[in-house]
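Take a look at the structure set out below.
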Amino acid sequence: MSERATVLYDVPGPRARRLNLVISVIFGALLAALVWWLLALLARKNQLTAQKWAPFLEAQNWTTYLLPGLWATLQAAAVSVIIALPVGALLGIGRLADHAWVRWPAGIIVEFFRSIPVIILMLFAFQLWYFVVGTSSPFAAVVIGLVLYNGSVLAEVFRAGILAVPKGQTEAAMAIGLSRSQTITMILLPQAITTMLPAVVSQLVVVVKDTALGGILVGYVELRRSAGTSASAYRNLLPTYIVVALIYIVINLLLGYLSTYLERKLRSRHGGPRVEVVNVGVQTDLLGRQEIMVLDEPGSATVKPQGRSGYSPP
Amino acid sequence: MNFSFLSDPQYDILGAFWMTVQLTFFSAIGAFVLGVVLAAMRVSPVPLMRGFGAGVVNIVRNIPLTVIIIMMSQVIANQLGVRLASPGPGLSTQAALDLGNFRLAVVGFVIYTSTFVCEAIRSGINTVPAGQAEAARAIGLTFSQVLRIVVLPQAIRAVVAPLGSVLIALTKNTTVASAIGVSEAALLMNTLIENEADKFTAVFLVIAAGFIVLTLPTGLVFGALAKKASVKR
């Protein structure tokens with residue numbers, strides 16, 4: 001990984017290697033100075049004392065605040081995804097329907113909920129739940145908000161996945177006399193689902209991160225909010241936030257690796273549909289607006305369709 | 001449906017959306033600059049810089065924006081005493097607090113969004129086939145010529161659409177600033193829903209319309225730009 005030719009530069013020769021070494025040393029020194037300055041600042045503000053960090057060695061802190069918070073976060077994320085997947089599948093298939101009266105409403109729903117911030121959806125869901133059910137439920141607000149948004153995003157993933165199945169499959173299905181719905185459920189979906197899997201897993205990262213929005217205005221006690229209570233009890237805001245950030249990073253990196261693993265596995269698989277798994281999934285909707293599904297190698301798979309009507313690849 | 005709150009002077013709906021626009025504008029500029037720097041590091045020939053860039057991106061991107069924004073206020077400002085605005089002549093204590101929170105939110109958005117800008121740019125550069133640069137070097141172009149004439153013109157085209165999506169995502173993400181009391185659209189909606197609970201559907205539709213008005217043109221403009229710039233390979 002250290003020496004390679006890229007589009008920007010060749011494999012370094014002796015002179016370039018010397019120059020790289022010099023830059024490395026200077027950059028390394030700057031980084032070390034930055035770290036030192038940060039540590040000195042933290043020490044000056046009494047943030048590095050044992051007293052501030054010891055609460056993380058206490059079982060009570062974990063069992064009272066952090067683990068229940070983490071559980072609430074994972075619960076909301078899992079329930080949201082389980083509901084959002086079928087919703088997304090329905091909307092995604094709806095957008096590909098032959099009938100305009102199915103296609104248009106599905107398209108409008110997807111576009112509407114994709115353009116609105118999740119917090120706004122959660123606030124609305126909170127009040128809606130109170131109005132309909134009569135009790136306030138932050139959990140329901142978080143789940144409904146996440147389902148509305150991620151259902152719409154997953155609809156686009158489903159749509160792209162189905163469009164990515166080679167056209168010959170549809171033609172063959174038509175030739176043997178399958179109806180449109182039979183073609184979708186028996187031929188296209190089974191092939192699409194495997195190619196979409198990495199994109200779905202990386203959408204999980206977004207869901208896990210977005211559960212934290214529930215702690216702001218609708219009062220769902222997820223990891224961050226629960227840890228905030230712990231921080232006021234132990235008077236260690238900075239260490240607590242660092243630990244919370246670390247927990248999120250570990251969960252999301254693991255999900256990212258899972259997505260990359262699935263993507264690699266799909267790419268090396270023999271047989272099945274020949275679809276190109278691209279690094280950045282840019283999806284164009286009817287308005288010409290584009291959305292990146294995922295951006296980097298941890299979980300960066302979206303499927304690239306092979307040119308069909310209603311969809312223009314980037 | 002009752003939209004009477006629209007004419008109630010106690011709710012400054014336009015002002016709240018103006019705050020959303022301001023947050024988006026300043027964060028977008030900052031995130032673009034920082035994103036370019038991060039991308040330059042990630043594609044540089046120096047392994048240490050590449051590692052640092054990758055580390056920053058993978059750490060920041062995996063932290064919820066909510067955690068970053070609240071950290072800016074509670075940890076950076078309150079615990080470490082970093083003040084981005086201080087009261088003085090012409091700036092009352094409350095105004096300084098508001099301005100400080102606004103700036104903290106912008107810094108948080110810049111840090112978070114720059115990682116997405118970085119990845120968009122990096123993947124744009126990666127869409128240029130290595131053979132292009134090899135051919136350019138083979139005919140004797142220098143590094144800056146390769147970059148200027150061959151690589152960047154192709155990379156920029158591939159970057160326009162993803163950057164548009166990042167901008168739209170940023171516009172929606174500015175609602176997280178409500179967590180530290182910046183009076184933007186989401187915080188206003190919270191107040192409205194508390195005071196006018198019976199009209200919550202109307203409130204939702206108005207705020208939703210506001211965001212659609214903000215994000216739709218962005219999408220259309222970037223979509224048109226991307227279409228115009230797209231290169232057939």
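A short reminder: the numbers here are calculations on the coordinates, not readings from a lab. If you're wondering where the values come from, they're calculated on a predicted model, not measured in any experiment. Cβ coordinates were reconstructed from backbone atoms using ideal geometry, including for glycine residues, and neighbour counts include every protein chain displayed.
For A:W37 and A:A78, compute 0.36 nm times the residue count separating them, minus their Cα-Cα distance, and round to one decimal in nm.
So the extension gain works out to 10.7 nm.
What are the ³J(HN,Hα) values, in whole Hz, obtained from phi via the Karplus relation 6.51 cos²θ - 1.76 cosθ + 1.60 with θ = phi - 60°, for each residue of segment B:105-111 in sequence order, with x given for Gly and Pro?
4, 4, 4, x, 5, 4, 4
What do you get for the angle between helix B:13-42 and the principal long axis of chain B? Use alpha-carbon atoms, 0 to 90 degrees, nearest ten.
That helix lies at roughly 20 degrees to the long axis.
Quick one: what are the phi-derived ³J(HN,Hα) couplings along segment B:61-75, Karplus 6.51/-1.76/1.60 with θ = phi - 60°, whole Hz, x for glycine and proline?
Those phi angles translate into 5, 8, 8, x, 4, 4, 4, 5, 5, 5, 4, 4, 7, 7, 8 Hz.
Taking R0 as 51 Å, what's the FRET efficiency between B:S144 and A:N46 from their Cβ-Cβ distance, rounded to 0.05? It would help to have the intermediate numbers written out before the result.
Working: r = 50 Å, r/R0 = 0.97.
So the FRET efficiency works out to roughly 0.55.
Going by how many other beta carbons lie within 10 Å of each one, how would you line up B:S4, A:S202, fewest first?
Sorted ascending by nearby Cβ count, the order is B:S4, A:S202.
If amide H atoms are built 1.01 Å from N in the plane of the peptide, which residues on other chains or at least 5 residues away come under 5 Å of the amide H of B:V128?
none
In percent, what relative contact order does chain B have, based on Cα pairs under 8 Å that are 6 or more apart in sequence?
Details: 250 pairs, mean separation 66.2, N = 233.
Answer for chain B is 28 percent.
Sticking with the crude label model, points 7 Å out along Cα→Cβ, report the distance from B:L91 to B:A209 in nm, one decimal please.
Between B:L91 and B:A209, the simple spin-label model gives 3.7 nm.
Okay, which of segment B:163-199 sit inside 11 Å, backbone N to the point 7 Å along the Cα-Cβ direction of B:Q10?
B:192, B:195-196
Neighbouring Cβ atoms within 10 Å as the yardstick, rank B:E134, B:E194 fewest first. Please report the intermediate quantities before stating the final value.
Values: B:E134 13, B:E194 10.
By the 10 Å Cβ count, ascending: B:E194, B:E134.
Points 7 angstrom from Cα along the Cβ direction at B:A135 and B:V36: gap in nanometres?
Distance between the two pseudo-spin positions: 2.8 nm.
Name the shape class, rounded, prolate or oblate, that the alpha-carbon gyration tensor gives for the protein assembly as shown, where a ≥ b ≥ c are the square roots of its eigenvalues, rounded holds for a/c under 1.5, and otherwise prolate holds if a/b is larger than b/c and oblate otherwise.
Numbers: a/c = 1.58, a/b = 1.07, b/c = 1.48.
Judged from the Cα gyration tensor, the protein assembly as shown comes out oblate (a/c at least 1.5, b/c at or above a/b).
Using Cα springs under 10 Å in a Gaussian network model of chain B, which residue among B:T175, B:T142, B:T66 shows the largest mean-square fluctuation?
Of the options given, B:T142 has the highest mean-square fluctuation.
Determine ³J(HN,Hα), in whole Hz, for all residues of segment A:69-75 in sequence, where each value follows from phi through the Karplus function 6.51 cos²θ - 1.76 cosθ + 1.60 and θ = phi - 60°; x replaces Gly and Pro.
x, 4, 4, 4, 4, 5, 4
Between B:I76, B:I168, B:I13, which gets the highest mean-square fluctuation from a Gaussian network model of chain B, Cα cutoff 10 Å?
B:I76
First select every other residue whose beta carbon is under 15 angstrom from the beta carbon of A:V143; then total the charges, Lys and Arg +1, Asp and Glu -1. Intermediate results must be reported in sequence, preceding the final value.
On the way: positive: none; negative: A:D210, A:E222.
So the surrounding residues net to -2.
I need the shape label for segment A:133-237. Rule: rounded when a/c is under 1.5, else prolate if a/b > b/c, else oblate, with a, b, c from the alpha carbon gyration tensor.
Values: a/c = 5.68, a/b = 2.81, b/c = 2.02.
Since a/c reaches 1.5 and a/b is larger than b/c, the shape of segment A:133-237 is classed as prolate.
Mind checking the angle between helix B:152-173 and chain B's longest principal axis? C-alpha axes, 0 to 90 degrees, to the nearest 10.
Between helix and principal axis, roughly 20 degrees.
Which ordering of B:D98, A:D98 is given by a fewest-first count of other beta-carbon atoms within 10 Å? Show your work: numbers first, answer last.
Values: B:D98 17, A:D98 8.
Listed from fewest to most nearby Cβ atoms, that is A:D98, B:D98.
Let me have the relative contact order for segment B:67-188, percent, based on Cα pairs under 8 Å that are six or more residues apart.
Working: 99 pairs, mean separation 36.4, N = 122.
Reported as a whole number, the value is 30 percent.
GNM, chain B, Cα, under 10 Å: largest mean-square fluctuation among B:R122, B:R83, B:R103?
Sorting by GNM fluctuation, first place goes to B:R83.
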